[in-house]
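Read the structure below first, then the notes.
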Amino acid sequence: MTEYNDNRALHDHQPSSDQPIPAPTDKHSSPAAATLWLIDDDAALRLILADTFEDAGLTVISFTQAQAAWTRLNDILQQQTPADQLPDVILTDIRMPMMDGLSFSDWVHQHFPQLPIVIMTAHSDLSSAISSYQTGAFEYLPKPFDLDDAVTTIYKAIHYQPHTDVKTKNTSKPAVKSDATPNEPNKPTEPTGHTNQASKTSPTTAPIKPAAKETSPTPPAATDNPSGIIGQSQAMQTVFRAIGRLAHSPITVLITGESGTGKELVASALHQHSPRRQQPFIALNMAAIPHDLIESELFGHEKGAFTGATTTRQGRFEQANGGTLFLDEIGDMPFSTQTRLLRVLANGEFYRVGGQQPVKVDVRIIAATHQHLEALVKQGKFREDLFYRLNVIRLPLPPLRTRREDIPALASYFMQRAAKQMNTAKKHLHPAALQVMQAFEWRGNVRQLENVCLWLTVMATGDTVMVEDLPPELLDSVPADITQQPPHAARSSQIPPQINMNTQGSIDSGAISPNPPMTTQTDWQQPLAAWAKQALQTGETDILQTATPEFERVLLTAALNHSGGKKIAAAHLLGWGRNTLTRKLQQLNLTPVQDQNKYH
């Protein structure tokens, strides 16, 4: 791995010809090896990723800041550095000092349109996913991600490049789009700070606003998530990536999923992040309209078309012209109306009820259903040709019971929104109550969770919601051992190691002993409390920062010894990802007794 000197890049934006770009020195370096530029200000993660990609046969050049990578690319753009120094792919974080990854990606996409960029971030929400694709990113990787998946994604990005042969990359590079003026060869074209909505950025030398350091995601506030779509689970990350890719396309989307999973929210997000966002978004529930009125509702009617039609009326298609029409519960549409809808999808024309002249519209159709349309087609209740017209891109939404890890963030969001709606203080869920909620099946999905949070805001007493405050339907369907056992009792029975600290609050680092000291006490909090008391009495401060690494060291030691040194198994025991465990090993300077191959 080549670690690029960021300091030179930041203090010298115009390197002279006698300052060559450092050549890769890694053992994998060869003319046939593809080059990856890795940009991340997290040194431990950067080391792990660089090691992984080098083992996968790539030449890796690392940067601690996007500013340094931009400087090198700008040198190539200004023809101060040969174009064959371009990488084959760039992998960058989003939140970094001086220049954020989205601004960098937007600038690269404008000036090097064939150079693929993969964006990774721990702030993996819908806005980040959409913004990444809007800046021209090839792919979006929410952290934590599997290293093997990352390698696969990087190779897909390399082979995606048109007119680029990886084996002969030194003689065939992505096209460079140069906006430099011949009379001003040294003028840099620095990107401006990125906003949530990607925009074309003209070359400028204005200072870049520092980006905030990326931190672990926290439950969003009601005002922080206007879309209302929340999720850190892998299933929701797949949904976010799909929305990011589909938002700027006019293609028809069919959203499937159980009732209450948020199909209308997804449809609205597709519209709000599309070029049609300034035009109407019309939502229509097919199951809520009487069958004899549905054609008039969709297509409108002429005056005198039927009894009671005293005026000409525009239908939903005309009202949504230029925008998006969301047809919810499309499986409940009458068979006769399906034929007329098929014509609109085919050529964008329809006739009002009783009309003689065709009406032309430009409408993007997003349909949704909780039913199995293929089964309805076999039963003759849904037209097969209409099904294939709608089923261009299918976006399935996961039920809440399959993404229980998202329940805390969703509950926090709904509790805050309910408090705002009721003009009262937000109530907090006790860990035991939250445990019950995560064990519940939630057949009504997110909508049911929202209703429960509203019920708790009105009915629960006190600022903290206890287990006994939960609605009866939650308590009746959850096993008694979960509702009756105090949360600390379950945890204390699973964490037997005693935390032993000296008066300085540290443990000698080194190899993990095969027989770590174990305590016979069932309450491990007592020695921790004794240590904290002693440390405070001796005048120590910031004791949480002292205790946390030692606490992690004890648990990591126990998990690795229990798994025989196998990192993946130990990570599973701890509830971590493999990347997190590897990073912790490096941070704590620990070595497993049986150091297995890192890819086991």
Of these, Glu405, Glu384, which one is under 30 Å from Met437 (Cβ atoms) and either charged (D, E, K, R) or loosely packed, with under 15 Cβ neighbours inside 10 Å (or both)?
Glu405
Could you go through region 144-152 and let me know if any residue there is at pLDDT 90 or above, over 21 Å from the mean Cα position of the chain (by Cα) and open to solvent by less than 40 Å² (accessible area, probe 1.4 Å).
no
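For every residue, the table says whether it meets (1) open to solvent by 30 Å² or more (accessible area, probe 1.4 Å); (2) of a type outside the set (Gly, Ala, Ser); (3) at pLDDT 75 or above.
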| residue | (1), (2), (3) |
| --- | --- |
| Thr546 | yes, yes, yes |
| Glu552 | yes, yes, yes |
| Ala558 | yes, no, yes |
| His562 | yes, yes, yes |
| Ile568 | yes, yes, yes |
| Leu573 | yes, yes, yes |
| Arg583 | yes, yes, yes |
| Asn597 | yes, yes, no |
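Residues are listed down the side, and each one gets a yes or a no for (1) open to solvent by less than 50 Å² (accessible area, probe 1.4 Å); (2) under 26 Å from Ala242 (Cα atoms); (3) polar (S, T, N, Q):
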site: Arg277; (1), (2), (3): no, yes, no
site: Leu284; (1), (2), (3): yes, yes, no
site: Pro290; (1), (2), (3): no, no, no
site: Thr324; (1), (2), (3): yes, yes, yes
site: Gly331; (1), (2), (3): yes, yes, no
site: Pro334; (1), (2), (3): yes, no, no
Whether any residue in region 126-133 is over 26 Å from Val266 (Cβ atoms), touching a helix residue (DSSP H, G or I) at 6+ places or on another chain (Cβ under 8 Å) and either outside any helix (DSSP H, G or I) or open to solvent by 10 Å² or more (accessible area, probe 1.4 Å) (or both) is what I want to check.
no
Search result, residues across region 271-303 that are hydrophobic (A, V, I, L, M, F, W, C) and either within 19 Å of Val344 (Cβ to Cβ) or assigned to a loop (DSSP other than H, G, I, E, B) (or both):
Phe281, Ile282, Ala283, Leu284, Met286, Ile289, Leu293, Ile294, Leu298, Phe299
Quick one: in region 112-125, of everything that is assigned to a loop (DSSP other than H, G, I, E, B) and polar (S, T, N, Q), which residue is modelled with the lowest pLDDT?
Ser124
Spot the failing condition for Ala368; the list is (1) part of a helix (DSSP H, G or I); (2) at pLDDT 85 or above, and only one is missed.
(1)
Among helices (runs of 4 or more DSSP H) entirely within region 382-477, at least 1 residues that are at pLDDT 90 or above and touching a Cys at 6+ places or on another chain (Cβ under 8 Å) occur in 407-422
Hey, does region 305-313 have a residue that's assigned to a loop (DSSP other than H, G, I, E, B) and of a type in the set (Lys, Arg)?
no
Please enumerate the residues belonging to region 41-62 that are touching a helix residue (DSSP H, G or I) at 6+ places or on another chain (Cβ under 6 Å) and without any contact (Cβ under 8 Å) to a residue 60 or more places away in the chain.
Val60
In region 241-260, anything surrounded by fewer than 23 Cβ atoms within 10 Å (Cβ to Cβ) and either among the aromatic types (Phe, Trp, Tyr) or not in a helix (DSSP H, G or I) (or both) is listed as Ala247, His248, Ser249, Pro250, Ile251, Thr252, Leu254, Thr256, Gly257, Glu258, Ser259, Gly260
Pull up region 336-371, narrow it to residues that are open to solvent by 50 Å² or more (accessible area, probe 1.4 Å) and among the small types (Gly, Ala, Ser), then point me to the one that is nearest to Phe306 (Cα to Cα).
Gly354
Any hit, region 129-140, residues being aliphatic (A, V, I, L, M) and modelled with pLDDT under 85:
yes
Subset of region 95-114, residues among the aliphatic types (A, V, I, L, M) and open to solvent by 10 Å² or more (accessible area, probe 1.4 Å), comes to Met98, Leu102
Report, by residue number, each residue of region 68-94 that is touching a residue at least 24 places away in the same chain (Cβ under 8 Å), open to solvent by 10 Å² or more (accessible area, probe 1.4 Å) and not hydrophobic (A, V, I, L, M, F, W, C).
Gln78, Gln79, Gln80, Thr81, Asp84, Gln85
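The values are calculated or read from the model by the stated rules, or taken from the named source; none is laboratory data. Since we're looking at a predicted model, the values are computed, not measured. Using ideal geometry, Cβ is built from the backbone for each residue, glycine included, and neighbour counts are taken over all protein chains shown. The area values use the complete protein model at the heavy-atom level, side chains included, leaving out ligands, DNA and RNA. Shrake-Rupley method; radii C 1.70, N 1.55, O 1.52, S 1.80 Å.
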